[in-house]
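The values are calculated or read from the model by the stated rules, or taken from the named source; none is laboratory data. These figures come from a predicted structure and were not determined experimentally. Cβ sites come from the backbone with ideal geometry, for glycine too, and all protein chains shown count toward neighbours. In case anyone asks, the SASA skips ligands and DNA or RNA and just uses the protein heavy atoms, side chains included. Shrake-Rupley method; radii C 1.70, N 1.55, O 1.52, S 1.80 Å.
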Amino acid sequence: MNEQAGRPVLIFDTAAFDAAVKERGYETQADKAGFLGVSRASYSKVTRGLEQPSPKFIAAVLVKLSDPDSPDSLNRFFKAELR
């Protein structure tokens, strides 16, 4: 029997993202949302844990901040857990 303790969710690691974009001069929520090409409202909801990141949000983070030499780019900014 396949039992699962909860539902899998994807968590955005805001601290890791903030550190990466601060080096580029993005500090406000509006700046960060603009950098990703997502709405400020969407950015705010994801960073506060009110919404899971959308595929567009995830793709934007990976396109803008992935290290092509690192297979762990996804793990740098996103964590999965059961809730």
Q. Given the structure, is Leu10 modelled with pLDDT under 95 and under 15 Å from the mean Cα position of the chain (by Cα)?
A. yes
Q. In the range 13-34, what count of residues is obtained for those that are closer than 18 Å to Leu74 by Cβ and either in contact with a helix residue (DSSP H, G or I) (Cβ under 7 Å, 6 or more places away or on another chain) or surrounded by 15 or more Cβ atoms within 10 Å (Cβ to Cβ) (or both)?
A. 6
Q: Specify the residue that is nearest to Ala19 (Cα to Cα); the eligible residues are those in the range 47-56 that are in contact with a helix residue (DSSP H, G or I) (Cβ under 6 Å, 6 or more places away or on another chain) and open to solvent by less than 60 Å² (accessible area, probe 1.4 Å).
A: Thr47
**Q.** Candidate set from the range 26-83 (those that are at pLDDT below 95, in a helix (DSSP H, G or I) and touching an Asp or Glu at 6+ places or on another chain (Cβ under 8 Å)); member that is farthest from Gly6 (Cα to Cα)
**A.** Ser73
Q.
Just to be sure before I move on: is Phe17 in a helix (DSSP H, G or I), within 11 Å of the chain's Cα centre (by Cα) and in contact (Cβ under 8 Å) with a residue 60 or more places away in the chain in the structure I sent?
A. yes
Q. Which one of these does Leu10 not meet: (1) assigned to a helix (DSSP H, G or I); (2) open to solvent by 20 Å² or more (accessible area, probe 1.4 Å); (3) of a type in the set (A, V, I, L, M, F, W, C)?
A. (1)
Q) Only one of (1) surrounded by 10 or more Cβ atoms within 10 Å (Cβ to Cβ); (2) aliphatic (A, V, I, L, M); (3) touching a residue at least 12 places away in the same chain (Cβ under 8 Å) fails for Ala59. Which number is that? A) (3)
